[in-house]
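Each remark here refers to the structure printed beneath this line.
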Amino acid sequence: MTTVVEYDVVVVGAGAAGMVGALTAAKRGLQTVVVEKADVYGGTTARSGAGIWIPNNEVLLDAGVPDTPTKAAEYLAAVVGDEVPATRLQAYLSAGPAMISFLLEHTPLRFAWMEGYPDYYPELPGGLPGGRSIEPQPLDANVLGAEYAALNAPYMATPPGTVVMDVDYKWLALIARHPRGLTTATEIVQRYLAAWARGEKPITMGQALAGGLRAGLLAADVPVWLNTPLTELVVSEGRVTGIRVVRDGEEVLLTARRGVIVGSGGFEHNEAMRKQYQEAPTGTDWTVGASSNTGDGIRACAEAGAALDLMDSAWWGPMIPLPTGPYFCLSERTLPGNIFVNPAGERFVNEAAPYGDVVRTMYAQDAFPAWMITDQRYRNRYLFRDLPPLLPYPSEWYDSGALVRDWTIRGLADKIGVPSATLSATVKRFNTLAKTGRDTDFHRGDSSYDHYYADPTNDPNPCLAALVLPPFYAMRIVPGDLGTNGGVRTDERGRALREDGTVIPGLYAAGNASAAVMGKGYAGAGSTLGPAMTFGYLAALDIVEASHG
Ligand SMILES: Cc1cc2nc3c(=O)[nH]c(=O)nc-3n(C[C@H](O)[C@H](O)[C@H](O)COP(=O)(O)OP(=O)(O)OC[C@H]3O[C@@H](n4cnc5c(N)ncnc54)[C@H](O)[C@@H]3O)c2cc1C
């Protein structure tokens, strides 16, 4: 027998989109429940860096960021183009700041400007070289009580005894090069000691964001049912009236008097859907999204008549397929002293370009496999993942085939199967460009974005260093992602739409379960979480409004 339970609002998925939607509905007086498939909450959100791109929010304005609604609108339109209706872009920009203020009021979350992390295309009209991204400040996990144990694990654990924020990475990477590297390292230990003395358990980045949202739900008495996957939507006379879930091995019918918000993430871990919708090569091995994100919500919405958009897309990022899992290669490819080459042994991209653009170029040019070529000087200078400068790369990286080494460029070329004369010529040409300080081939270093994870002590250009000191290294680069970003077509209120543009009453989608408001663009650090949270918020507000209407 099916158990029937009734709420005003039923939210699917306890990530950023779902938890913000649930908190908003609850704080407006609607009885709300969140169902979560995994045995932990937080989804990809808990694994993330938790940069949040919301122009003109109060945290940015208080920090003196010179933003205006006109600048933000001009910039976002330039990044996204005409793939996404202007009404949705406007809704995001208008509601985002109110959503951040709402979280400051109703959760323990506090945010800080990621000072100096540029918009990804700062030279476009309205772009800001100092950036518009914020991140959570360290949060005391004690606010979660026993619920802390059910928070999804981070993508990369920080070393014990440290409290590391997003903005610290830039300087930690330069620990052997710049005095600020050492002062940053000291600060993050001091932060830990101060918190420890106060009896706190500090968490940061995605842990803080997901934990802070969960703490808001706890305070608002919103239940989060773990181990409770959505199986299908219930549709009655064209309206979505609830969902079916499995809970403790039993089917439960959850009736939603006001609406259902689907925030169940993307389909990054669904091999069949990836093959159906995305270009080859693709697969579940190269994503760093949460393993429970298998597109269930997207499929259920499609079965209920929702149109799907952008299904060939993802939040792409170049990954190194390390034996411990794909490694999102961010600062490492931007720091000077490396180049990316294609199977012909030629450079094909500005290595320091925004991550999405690098992978789109890989697909456009069929650059598979691609390799990042570096030298020993690069290893001596910079942090790589969590490996301090000078230390040898782990032997397992060689054993897995992700890393190859040789004393000469020609020998390296032979080992990775690219033409040795071409690779030698490519390195020689790049070394000449590095000495002049201008990459006239791919314009690395021309945008101020390229300079964020660069080395200010490297002359004449912080983004460009010659590859000179043997041995030389090649790291395999694959087209990975932080999650997919195609899904349910929604309008400016987060309402799910049919192919003919009509609204499916009672059904909303936000976050990676919906087609991204960014289209195939990426405005700045936080371009996935900013919209996910804003459209979760907007969906709940629409339910509230419709309830009173
Ligand atoms: C290493 C890393 C760094 C990142 N850094 C950033 C960053 O700094 N800024 C940024 O904007 N983005 C970043 N991202 C991407 C960002 O984390 C995601 O795009 C975002 O968290 C998606 O939020 P969401 O709410 O849509 O989905 P999620 O947070 O993934 O939540 C979806 C939830 O739905 C649940 N679910 C799935 N199926 C069902 C079902 N059938 N029933 C019930 N529940 C279900 C899942 O288990 C999951 O908990 C990063 C990602 C990674 C991995």
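FYI, it's all coordinate maths here, none of it is from the lab. Treat the numbers as computed from the prediction; the structure is a model and nothing was measured. FYI the Cβ positions are ideal-geometry reconstructions off the backbone, even for glycines, and counts take in every protein chain you see.
For SER313, the residues whose amide H sits under 5 Å from its own are ASN485, GLY486, ignoring neighbours fewer than 5 places away on the same chain, with H placed 1.01 Å from N.
Loop-located chymotrypsin sites (Phe, Trp or Tyr not before Pro) in the stretch 92-200 (DSSP state other than H, G, I, E, B) with a sparse environment of at most 11 neighbouring Cβ atoms within 10 Å are absent. Taking label points 7 Å from Cα along the Cα-to-Cβ direction, LYS201 and ALA112 give a separation of 2.2 nm. For the stretch 1-130, the Cα gyration tensor yields ellipsoid semi-axes of 32, 17, 15 Å (square root of five times each eigenvalue, largest first, whole Å). With R₀ set to 35 Å, the beta-carbon distance separating ALA157 from ALA344 gives a calculated FRET efficiency near 0.35. Of interest is the spacing of the C-alpha centroids, which for the stretch 244-276 and the stretch 440-514 amounts to 27 Å. Full extension of the chain between GLN31 and ASP459 yields a length gain of 148.1 nm, computed as 0.36 nm times the residue separation minus the alpha carbon distance. Counted residue by residue at 0.36 nm each, then reduced by the alpha carbon distance between them, the extension gain from GLU83 to SER400 reaches 110.1 nm.
Using DSSP, restrict attention to beta bridges with both residues in the chain and report what percent are antiparallel, rounded to the nearest 5. Rounded to the nearest five, the antiparallel share is 70 percent. As an exercise, use a Förster radius of 22 Å and the Cβ-Cβ distance of ASP39 and TYR169 to find the FRET efficiency, rounded to the nearest 0.05. The pair ASP39/TYR169 has a calculated efficiency of 0.15. Peptides 202-213, 382-393 ranked from most to least packed give 202-213, 382-393, packing being the mean of other C-beta atoms within 10 angstrom over each peptide's residues. Extending 7 Å from Cα along the Cβ direction at THR70 and again at SER94 yields two label points whose distance is 1.9 nm.
Residues with amide H under 5 Å of SER133's amide H, sequence separation 5 or more or different chain, H placed in the peptide plane at 1.01 Å from N; which? Here the answer is MET114, since their amide H atoms fall under 5 Å of that of SER133. For ALA280 and ARG244, the difference between the fully extended length at 0.36 nm per residue and the C-alpha to C-alpha distance is 9.6 nm.
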